[in-house]
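Asker: Pasting a structure below so you can have a look.
Quick note: the coordinates plus some simple rules give every number you see, no bench work behind them. Owing to the predicted nature of the structure, the values given are computational and were not obtained by experimental measurement. Cβ placement follows ideal geometry from the backbone for every residue including glycine, while neighbour counts extend to all protein chains displayed.
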C-alpha cells in the first residue's frame, strides 16, 4: 500500500491541474485569442496544402494517452512523475504562448478537441487558434514516450508523436517551429518533474 506522503504527492498535481490550471486556462486562452500577434514566415507551410486530418490526429493522440496511462497505472512511481510532468508541460506551454504572441498560420483548418475544449477552453465562445508555440498535441505524446519504459513502447510513441507533428502541419494549425519546439519542452517538463518526484518511491 502506498504511504500517505507518496499518495499525497501523486494527488497534488492532479488537484493543481483541475482546480488550478484548468479554471485559469479559459480566461487565459480567451485573452490570447483576442490579442494581436505576429505572422511567421514558414516555407514548409507555404508549400504544404492544407487538408482536414482532424480525425487521425484525435485517434492517434487519445489512443496513445489511453494506452500509455493504462500501462503507467500499474507503475505508480512512473505515473507520478508523468503526472507532474504533464502539469509542468501545461505551465510551460501557457508561458511560451504568453511570451510569443502569434497569429494563426494561413489556411488554418481549426479542429475540435473535446478534451481541451471542455477542460481548458470551457468559457470561450470562439475556437482557439492562437495557442501556437509549442504544439501541445505533439509535446503530450513525446512526454508519454519519456514516461513509459521499454524500447518498443518508446519507439512506438515517438513515431506517433512524429506523425502527429506532421499531421498538425497538414491541418495548418501550427507552424513548423511549434512542432520542432514541442520535444524540447516535453523533455524539460519531464526533467523538472524528476526534481520534484522522488527517484525511488514506495509502490
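Asker: If you rank 30, 39 by fewest surrounding Cβ atoms within 10 Å, what's the result?
Answerer: In order of increasing Cβ crowding within 10 Å: 39, 30.
Asker: OK, next. Mind giving me the FRET efficiency for residue 14 and residue 187? R0 is 25 Å, r the Cβ-Cβ distance, nearest 0.05 is fine. Please list the in-between numbers first.
Answerer: Numbers: r = 22 Å, r/R0 = 0.88.
Plugging the Cβ-Cβ distance into 1/(1 + (r/R0)^6) gives 0.70.
Asker: Between residue 103 and residue 59, with labels modelled 7 Å along Cα→Cβ, what's the label distance in nm to one decimal, could you check?
Answerer: For the pair residue 103/residue 59, the computed spacing is 3.6 nm.
Asker: Moving on. Calculate for the chain the 222 nm mean residue ellipticity that helices alone would give, adding -39,500 (n - 2.57) per DSSP H run of length 4 or more and normalising by residue count, nearest 500 deg cm²/dmol.
Answerer: Values: 9 runs with 133 residues, N = 203.
The helix-only estimate for the chain comes to -21500 deg cm²/dmol at 222 nm.
Asker: Report the far tail of the P(r) of the chain, meaning the percent of Cα-Cα pairs longer than 20 Å.
Answerer: Every Cα pair in the chain considered, those over 20 Å come to 57 percent.
Asker: Oh, and also: Hull surface divided by four, with the convex hull built on the Cα atoms of region 47-139: how many nm²?
Answerer: It is 7.2 nm².
Asker: What percent of all Cα-Cα pairs in region 1-81 falls in each 5 Å bin, counting up from 0?
Answerer: Pairs per bin, as whole percents: 3, 10, 10, 12, 16, 17, 12, 10, 6, 3, 1, 0.
Asker: Roughly speaking, what is the stretch gain from residue 96 to residue 163, that is 0.36 nm per residue apart minus the C-alpha to C-alpha distance, in nm to one decimal?
Answerer: In short, 21.8 nm is gained.
Asker: To make sure I understand, if each residue's beta carbon is the centre and we count other beta carbons within 10 Å, what order do 168, 21, 142 fall in, fewest to most? Could the numbers behind the result be given before it?
Answerer: Working: 168 24, 21 18, 142 27.
Ranking 168, 21, 142 by Cβ neighbours within 10 Å, fewest first, gives 21, 168, 142.
Asker: What ranking do 9-16, 181-188, 74-81 get when scored by the average of other Cβ atoms within 10 Å per residue, highest first?
Answerer: Top to bottom by mean Cβ count within 10 Å: 181-188, 74-81, 9-16.
Asker: Same structure again: Taking the Cα atoms only, what angle lies between the long axis of helix 76-99 and the longest principal axis of the chain, rounded to 10 degrees?
Answerer: 30 degrees
Asker: Another question, then. At what distance in angstrom do the alpha carbon centres of region 131-203 and region 19-34 lie from each other?
Answerer: 22 Å
Asker: Let me ask something else. Quick one: if you stick a label point 7 Å off each Cα along the C-beta vector at residue 155 and residue 180, how many nm between them?
Answerer: In this crude label model, residue 155 to residue 180 measures out at 2.7 nm.
Asker: What's the exposure ranking of 17, 66, 196, 164, going from fewest to most Cβ atoms within 10 Å?
Answerer: Going from sparsest to densest Cβ surroundings: 66, 196, 17, 164.
Asker: Then there's this: Tell me the angle of helix 136-147 to the major Cα principal axis of the chain, expressed in degrees between 0 and 90 and rounded to the nearest ten.
Answerer: With both axes taken from Cα atoms, the answer is about 30 degrees.
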